[in-house]
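Any read-out appearing in this document is the output of simple, stated calculations on the displayed coordinates, not a laboratory observation. Every value quoted in this text rests on a predicted model; they were computed, and no experiment measured them. Neighbour counts run over all protein chains shown; Cβ positions are idealised from the backbone, glycine included.
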Amino acid sequence: MTAKSIDKLWLSGNEALALGAYEAGVKVASGYPGTPSTEIMENLSKYEGVYTEWAPNEKVGLEVALGASFVGVRALATMKHVGMNVAADPLFTSSYTGKELQNINNYQQNIVVRKLFSIMYACPFT
C-alpha cells in the first residue's frame, strides 16, 4: 500500500516499478494478469496519459509493446516469469528487426533484472 510521509514515498516493488515506468515516459503497457505482475498494470493504469490493457496471453502482450516501440512509443510488457515460454516467439524474432530494446536507466534496469530472475518479466522498450 502506498503511504506518504513528509519526505518519503513508501511503495511496494510493483508500485515502484509502475511509478518508474510512468516517470520514464512509458505510454503503452500491455500484460497478462497473474501474481505478482498484476499489480504493476493495476498501478500503471492510474497514471494519466498511459494506455494500459490486459492481453489474452503473454505473447500478445509482448507483441503490443513491441508494436508500440516500433513506432517510437516507450512501452512496457508485464507477465509472470513462466509467461516467457509463451512470449518467446515474438521476443526472439524481435531481435531480427534491428530495433534496440533499451532499459529506462541503470537503477530501474537492476529492478527489472532482479524481478526477471525471481518472479516475473518486465521489459521497457523504446
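Odds and ends about this structure:
- Fewest-first ranking of T97, T52, T38, using other Cβ atoms within 10 Å as the exposure measure: T97, T38, T52
- FRET efficiency estimate (nearest 0.05) - Cβ-Cβ, S12 to N85, R0 22 angstrom: 0.25
- Each label was represented as a point 7 Å from its Cα along the Cα-to-Cβ direction; for A24 and N57 these points are 2.7 nm apart.
- Shown for M79, M84: other C-beta atoms within 10 Å of each C-beta, ranked fewest to most, produce the order M84, M79.
- Ascending count of other beta-carbon atoms within 10 Å, so fewest first, for L9, L44, L91, L17: L9, L91, L44, L17
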